[in-house]
1. Among (1) more than 25 Å from B:Met233 (Cα to Cα); (2) without any contact (Cβ under 8 Å) to a residue 12 or more places away in the chain, which single condition is B:Trp22 missing?
2. So which residues in segment B:335-352 are touching a residue at least 60 places away in the same chain (Cβ under 8 Å) and assigned to a helix (DSSP H, G or I)?
3. Could we say that B:Met286 is in contact with a Lys or Arg (Cβ under 6 Å, 6 or more places away or on another chain), within 29 Å of B:His420 (Cβ to Cβ) and buried (at least 24 other Cβ atoms within 10 Å of the Cβ) here?
4. Give the residue that is farthest from A:Tyr24 (Cα to Cα), with candidates limited to residues of segment B:5-29 that are open to solvent by 20 Å² or more (accessible area, probe 1.4 Å), in a helix (DSSP H, G or I) and facing another protein chain (nearest Cβ under 10 Å).
5. Exactly one of (1) at pLDDT 85 or above; (2) open to solvent by 40 Å² or more (accessible area, probe 1.4 Å) is unmet by A:Gly22. Its number?
6. Pairs, please: C-beta under 8 Å, at least 6 apart or cross-chain, first residue under 19 Å from B:Lys287 (Cβ atoms) and open to solvent by 10 Å² or more (accessible area, probe 1.4 Å) and in segment B:205-227, second of a type in the set (Gly, Ala, Ser) and outside any helix (DSSP H, G or I)?
7. List pairs: first in segment A:27-38 and more than 19 Å from B:Phe6 (Cα to Cα), second exposed (fewer than 12 other Cβ atoms within 10 Å of the Cβ) and at pLDDT below 70, Cβ under 9 Å, 6+ apart or cross-chain?
8. So which residues in segment B:111-145 are closer than 15 Å to B:Ser177 by Cα, more than 16 Å from the chain's Cα centre (by Cα) and either in contact (Cβ under 8 Å) with a residue 24 or more places away in the chain or not in a helix (DSSP H, G or I) (or both), if there are any at all?
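The values are calculated or read from the model by the stated rules, or taken from the named source; none is laboratory data. These numbers come from a predicted model, not from an experiment. Cβ placement follows ideal geometry from the backbone for every residue including glycine, while neighbour counts extend to all protein chains displayed. Side chains are part of the model used for accessible areas, which takes the heavy atoms of the whole protein and leaves out ligands, DNA and RNA. Shrake-Rupley method; radii C 1.70, N 1.55, O 1.52, S 1.80 Å.
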Amino acid sequence: MVLQLIGRWWWVTVTPAFIALGYYLDKRSDNNYSRFKNKSVLYRRELQPGEKDPWT
Amino acid sequence: MLTLTFFSLGITITALIVPGRWLWPSLLVQSSILPLITLILLLPHHSSSTWHTLSTSLATDSLSSPLIILSAWLLPLSLLASRQHLSKEPLARQRSYLTLLSSLVLSLIITFSALDLILFYIAFEATLVPTLIVITRWGNQPERLQAGTYFLFYTLFGSFPLLISLLSLLSLTSSASIPLSSLNDLSTLEFSNPSLALWWIASIIAFLAKLPIYGLHLWLPKAHVEAPIAGSMILAAILLKLGGYGLVRITALFSLPNSFASEPIITFCIWGGLITSIICIRQTDMKALIAYSSVGHMSLVAAGIFSETTWGLNGALILMIAHGLISSALFCLANLSYERTFTRTLSLNRGLKLITPLSAAWWLIVSAANLALPPTPNFSGELLIVTNLISWNPWTALFLGLTALFTAIYSLYLYQSSQHSPNPSSFKKISQTLTIEHLNIFLHLTPLILLIGKPELISLAW
């Protein structure tokens, strides 16, 4: 029954899967941009006592 | 941005694999969700003066966001408009039509959000392929092949110099980045003025042909007249705006040539706007009239962009968005008449008010917006550009005033000749209009009316 449903309706999942993949890649890209933020001259700031570096 | 890009890619792939009976419902539902997601993602950043929704090579700013939203908004509307037209075609042809339209929107989203001029160029050229296939395969008459040839050659003629220009830029400055373009001013390089001017012309000619300005416009009426309804809608609403968008991006690189060459080109654009508005009055074909009207409006957009002032650029953006919605609505209305009378000739489309009264109301509203009646955004855009141009040179008031007068004449002529007068004897049996057709026009006008109350959504934040 479940396999029949999947066999008949699998195409419904294509666009949501693509949206999820795009969202994941966007988030990964955001993390890449912010990971080294404290190393840039423009955005560098003194860390609070006990605060970890953003890339750790 | 990758969320939106992958969403539209998903719609394109779904159009290829979905079972036949679910083709239209699934595409309509998915393409209706696309503008909602686009609004959710892009609208919160509309007042941001920097780039946002950053991905590796895609991002948006206050110029590209409204154009991306417009592209996403028009996909479901163009699908709705074509459904009747395609219903008698075999499934495979329907499937390829929908795949082409969704791939066109995908390449448009990439073009408007590209952070790199080379990626922008590739996506800009990629829009040519689906549009060309849609015109030459789904057009109604044999002349569609000639229209396709014109469209192809005008676009390619402009694109090769642009490619050479962008590759030279890349080799000389080691960067084709759009956000860094204001730092990459080519005037600082050691070039003589004539060679810099030649480079400038090579860079803008593709966009001038795409807009198109008067003189490079011959492909447009042919393409519009021969294209199917969705082709005309997307062509008028978004593809012409690619030219305006490219001009804004590329002129940031050339401050020196702009300063000495903008005067003749603005004068030519104003002249072109006047001539095309006069040409509109002598058209007998409904679609050709709307197409020439687009050329006239785009001439104003080009003049606003070349003025390189805040008012000019804001006016150009507002007019691009407003004209995108209105020209698309006009093509929808022309198609509504064509599907009943089977002719686009104005003199054979008389007296439709008596048969389809609600569509007469739509014709009135859309024609009024096309002639830039206050308080529509068309009026705001034209007012900003016109004020800016008059302050540049008071003599332009004469030509711009005449252009406004002729625009009013042909817009009212379009309304009056299609809705008033007695019906011609050739009208035997005309079917009633469908709710879905009225919904389509309503969805064109809704954003336009909402933008009257919140025009800052389509203004530049830089």
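1. That leaves (1) as the condition not met.
2. Matches in segment B:335-352: B:Asn335, B:Leu336, B:Ser337, B:Glu339, B:Arg340, B:Thr341, B:Leu346, B:Ser347, B:Leu348, B:Leu352.
3. Yes, satisfied.
4. B:Trp22
5. Unmet condition: (2).
6. B:Glu226/B:Gly139
7. Partner pairs satisfying both residue conditions: A:Ser34/A:Trp55; A:Arg35/A:Trp55; A:Phe36/A:Trp55; A:Lys37/A:Trp55; A:Asn38/A:Trp55.
8. Passing the criteria: B:Ser113, B:Ala114, B:Leu115, B:Asp116, B:Leu117, B:Ile118, B:Leu119, B:Phe120, B:Tyr121.
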